[in-house]
Amino acid sequence: MATEFILNGRSARFEGDPDTPLLWVLRDTMHLTGTKYGCGVAQCGACTVHLDGKNRRSCVTPVATVAGRSVTTIEGLTGPAAAALKKAWVAIDVPQCGFCQSGQIMSAAGLLAVKSRPTNEDIDHAMTGNICRCATYVRIKQAIQNAAAEVGA
């Protein structure tokens, strides 16, 4: 049985085991490698995508659960907040190794979608569960604040 869904604004179809984690469908079948495999148990956030606009850990999401729904990956993340986040990330040189950054940006975009002027507490809460082994948390927070200020300006 095929699983059909919207991927980055386009129709997508997966022919395979409906229990296959969405992450593997994205990476291996759809060849969208921006979403990363980190821990495999939804603890690190490297695999964060948006499912119907909300943050979702793709490593523990069976592809069957996205049938008929909209999935957005870092490759398809668009809009003023996404552009401001990407610009802020580059401007203050957030990434070190870069491995977790797509998940970090997806979570940050999820936050800005529901709260255009987040407080430090809001950012801390929203980014909990997105682990950066390089510990760039201060720059990540600053980038989110800068993006929020730019979008809200």
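The values are calculated or read from the model by the stated rules, or taken from the named source; none is laboratory data. This structure is a prediction, so every number in the text was calculated from the model and none was measured. Heads up: the accessible areas ignore ligands, DNA and RNA and are worked out on the full protein's heavy atoms, side chains in. Shrake-Rupley method; radii C 1.70, N 1.55, O 1.52, S 1.80 Å.
Taking every DSSP beta bridge with both residues inside the range 1-107, roughly what % is antiparallel (nearest 5)?
85
So, with a 1.4 angstrom probe, what is the percent of accessible area on the range 19-66 that is carbon and sulfur?
51
With the Cα gyration tensor of the range 8-79 giving a ≥ b ≥ c as the square roots of its eigenvalues, does the rule (a/c under 1.5 for rounded; else a/b larger than b/c for prolate; else oblate) give rounded, prolate or oblate? It would help to have the intermediate numbers written out before the result.
On the way: a/c = 1.39, a/b = 1.04, b/c = 1.33.
Rounded, because the longest to shortest axis ratio a/c is under 1.5.
Give me the 1.4 Å probe accessible area per residue for the range 1-53, excluding ligands and nucleic acids, in Å².
Numbers: 2770 Å² over 53 residues.
Solvent-accessible surface per residue comes out at 52 Å².
Quick check on the chain: helices-only [θ] at 222 nm, where DSSP H runs of length 4 and up contribute -39,500 (n - 2.57) each and the sum goes over total residues. Nearest 500, please. Please list the in-between numbers first.
On the way: 4 runs with 50 residues, N = 153.
Estimated from H runs of four or more residues: -10500 deg cm²/dmol.
Give me, ordered by chain and number, the residues 5 or more places off residue 61 or on other chains with an amide H under 5 Å from its own placed amide H.
Amide H neighbours of residue 61, under 5 Å, 5+ apart: 22, 23.
How large a share of the accessible area of the range 80-130, in percent, is made up of carbon and sulfur atoms when the probe is 1.4 Å and the other protein chains stay in place?
Carbon and sulfur together cover 58 percent of it.
Compute a Gaussian network model of the chain, connecting alpha carbons closer than 10 Å, and tell me which residue from 71, 114, 49 fluctuates the most.
114
Please list, short to long, the whole-number percent of alpha-carbon pairs of the range 42-120 in consecutive 10 angstrom bins beginning at zero.
In whole percents, the pair-distance histogram is 18, 50, 28, 4.
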